[in-house]
1. Mean projection of the alpha-carbon convex hull of the stretch 10-217 over all orientations, in nm²?
2. Pick out, in residue order, every one of the GluC sites (Glu not before Pro) in the stretch 37-140 that is DSSP loop and has at most 13 other C-beta atoms within 10 Å; say none if there are none.
3. Which cross-chain or sequence-distant (5 or more) residues have an amide H under 5 Å from the amide H of residue 143, H modelled 1.01 Å from N in plane?
4. How far, in nm, would the chain grow between residue 249 and residue 159 when pulled straight, counting 0.36 nm per residue and subtracting the alpha carbon separation?
5. Estimate the FRET efficiency between residue 196 and residue 330 by the formula 1/(1 + (r/R0)^6), using the beta-carbon distance for r and 51 Å for R0, to the nearest 0.05.
6. Quick one: of 250/283; 250/412; 250/416, which pairs are farther than 20 Å apart, Cα to Cα?
7. In nanometres, what is the gap between the two model label sites at residue 138 and residue 118, each 7 Å from Cα along Cα-to-Cβ?
8. At residue 390 and residue 318, where each label point lies 7 Å from the Cα along Cα→Cβ, what is the point-to-point distance in nanometres?
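The values are calculated or read from the model by the stated rules, or taken from the named source; none is laboratory data. Since this is a predicted model, take the numbers as computed values, not measurements. We place every Cβ from the backbone using ideal geometry, glycine too, and count neighbours over all the protein chains shown. These accessible areas exclude ligands, DNA and RNA; they are computed on the full protein's heavy atoms, side chains included. Shrake-Rupley method; radii C 1.70, N 1.55, O 1.52, S 1.80 Å.
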Amino acid sequence: VSPGCRGAQGRLAYKLLHDLFANYSSALRPVEDTDRALNVTLQVTLSQIIDMDERNQVLTTYLWVRQTWLDAHLTWDKDEYGGIDSIRIPSSYVWRPDIILYNNADEHFGGSMETNVVLRSDGHIMWDSPAITKSSCKVDVSYFPFDGQRCRLTFGSWTHNGNQIDLRNQLDTGDLTDFVENVEWEMLGMPATRNVITYGCCSEPYPDVTYTLLLRRRASFYVFNLLLPCIMVSFLAPLGFYLPADSGEKVSLGVTVLLALTVFQLLVAESMPPSESVPLIGKYYIATMTMITASTALTIFIMNVHHCGPGARPVPPWARRLILHHMARLCCVYEVGESCKSPQRAPGGRAGAEDAGGPGDSPGEGPAGTEARGCPWDHCLCHHEALLSNVGYIAGCFRRHRANQRRTGEWKKVAKVMDRFFMWVFFLMVFLMSVLVLGNAA
């Protein structure tokens, strides 16, 4: 095209612009019949999810909004203007529908950018404008961090009812061809629906187009930074039962694990909305903290049993039969030199034999002691009653000392068996809770 032709096209475009807007007003709805509704078509392209604020329930998105309508007052014969079929003019020159985001949550309530519109010779206007929107979104964190969200973007006219503007969606879904993948949220779809609602303020129907963003959280970050550390810390709690009672660290380990879980729970609570719905990971933390509290309380009780002094009562027969015999073999707790293959002893046989006095109990016990006590007076070497009384006193003290040692040892074994039993019970509880959390997540 020669420069002269380009100059002629430019002059014709200026003439066209002057002729179109000589008697045009952008304040009125551009229809020839005011009783007929103006059809406005809406199409939204989702470019990016900028932020999802779960605590304040606000979704920030970057959209491209396309609106098309027919302006009956802006038509021309393109043959009269050198074949000009379309022109691009500032959007402020023409009438624009007041389509806004109903669930806007921006404090400044900003609209679309003032971009140009494409005006065609038949009066069709296409207005493409980018917009960064903040919309309210009801966040359900019941299955956090394995949750999915449904956030809605509802567009409609603020002042024109359905008898004046008939708003329709161009496609049944939002355009995701230029969507930039988000590191935290996976986009599953963006269906669009048209709704006609009659509000309480007005009797006229108001149509709107609602785009539903189907989002699923990428849980890898939270699994590796919140869930796995919690599971590993939780498995430390049952190991407190395996620590020797004389180490003095059993209660300290439980309290340390409880404090660590409290820190993790506070991290989750800071990002979650203060609602009645407790997140799945929060329920796991609470259940684990309850279990650790119970294990610490049981540890204190078992340590009290372990440190029973010589003045403690003997182990009851039912406890000796249940704990020292059945539970000890179940938990593989044996004396030195015993194993799982050792023959079983009758419950209470050891204690009865030792209380009755067996060989090697004391120097004055056994057959030799009986012969010494029952020897004829004329053949006994000990002719002094005071000496015999002292020897008997020493033998009695030794027997009482051995009985106290046996009683203390039995209580220590009771405590050890209870430690092993509760260790496996709490290991099973932690495993079941972890499987339950992952099952609910699936």
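1. 13.7 nm²
2. Here the GluC sites (Glu not before Pro) that fit, given the DSSP loop and packing criteria, are 107, 114.
3. 280
4. Here the answer is 25.3 nm.
5. 0.15
6. From the list (250/283; 250/412; 250/416), the Cα-Cα distance tops 20 Å for 250/283.
7. 3.9 nm
8. If labels sit at residue 390 and residue 318, their model points lie 4.9 nm apart.
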